[in-house]
Structures are given as structure tokens and as C-alpha cells.
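Enquirer: First the structure, which I've put down as C-alpha cells, then a few questions once you've had a look.
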Amino acid sequence: ESPEAKNGGVIGSISKGDGIEVFDKAFEMTDQQTSDIIQSEYGFHVIKVMAHIAPAQISYEDAKPFIVAELARQTETEIYEKWLNKKVLKSKVLVNRALLNSIK
């Protein structure tokens, strides 16, 4: 259901400290390692580290597709969060106390 869902959940390259905190666990993992299920405030995640890439300087022209993709990802995340917040604010939760008490 996340913005990355259309890409099979692939978030692409990240730097430590980017994104949600659980993604930082990837920097403690080895290449091709898959994590156990990790829970965050956003839900459940499974992380697979494809490869660690050493930082390097590249030209603007080489960086431009990554910049565009990152800006698109940020915009998608912002739109998704606004949509989700609207859904949460509009949601109504009814508690059937009699049913809950009958389960005990």
C-alpha cells in the first residue's frame, strides 16, 4: 500500500539516516542478506540488501535522473501521507463491548 508498492516494494538506493529509522538496519547487514520481519510505525517491512555502494561524486548530468526520482518519491510519499491522514481522520471505530466481553 506504500508509494513503493508499484515497484514491488523496492525503494532503491538509500543513505544512512534517509527514510524511516528501520531502514538504517540495512547498513548493519551484508550484501544479499534479507532481514527478519521488522515492525515500524508504518507497518511491517522485510529488507534485502542488494549491495552496498561506496559514496562517490558524480556529475550533475549523471545525478539528474536520481535527483528527479528522489523528488518524485518525496512527492509520492507526501501525497500518500496526506491521503492516509484524511482516511484516519474520517474513520469511525465501533467497539462491540458485549462481543469483547464474551471472548474472555
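Enquirer: Pairs please, first residue from the stretch 51-75 and touching a residue at least 60 places away in the same chain (Cβ under 8 Å) and among the aromatic types (Phe, Trp, Tyr), second anywhere and in a helix (DSSP H, G or I) and surrounded by 11 or more Cβ atoms within 10 Å (Cβ to Cβ), Cβ atoms under 6 Å, 6+ apart in sequence or on different chains.
Expert: none
Enquirer: In the list Phe27, Phe44, which residue meets the criterion of being without any contact (Cβ under 8 Å) to a residue 40 or more places away in the chain, assigned to a helix (DSSP H, G or I), out of contact with any helix residue (DSSP H, G or I) (no Cβ under 9 Å at 6 or more places or on another chain) and aromatic (Phe, Trp, Tyr)?
Expert: Phe27
Enquirer: Collect the residues in the stretch 64-104 that are aromatic (Phe, Trp, Tyr) and either touching an Asp or Glu at 6+ places or on another chain (Cβ under 8 Å) or open to solvent by 100 Å² or more (accessible area, probe 1.4 Å) (or both), keeping them in residue-number order.
Expert: Matches in the stretch 64-104: Phe66, Trp83.
Enquirer: Would you mention how many residues in the stretch 52-63 are open to solvent by less than 90 Å² (accessible area, probe 1.4 Å) and either farther than 19 Å from Glu21 by Cα or modelled with pLDDT of 90 or more (or both)?
Expert: Number of matching residues: 4.
Enquirer: Still on this structure, please answer the following. Which of the residues that make up the stretch 32-51 are open to solvent by 80 Å² or more (accessible area, probe 1.4 Å) and over 24 Å from Pro3 (Cβ atoms)?
Expert: If the condition is that a residue be open to solvent by 80 Å² or more (accessible area, probe 1.4 Å) and over 24 Å from Pro3 (Cβ atoms), then Gln32 is the only one that fits.
The values are calculated or read from the model by the stated rules, or taken from the named source; none is laboratory data. Note that the structure is a prediction, hence the values are computed from the model and not measured. All Cβ positions, glycine included, derive from the backbone under ideal geometry; neighbour counts span all protein chains shown. Quick note on the areas: whole protein, heavy atoms, side chains included, nothing else; ligands and nucleic acids left out. Shrake-Rupley method; radii C 1.70, N 1.55, O 1.52, S 1.80 Å.
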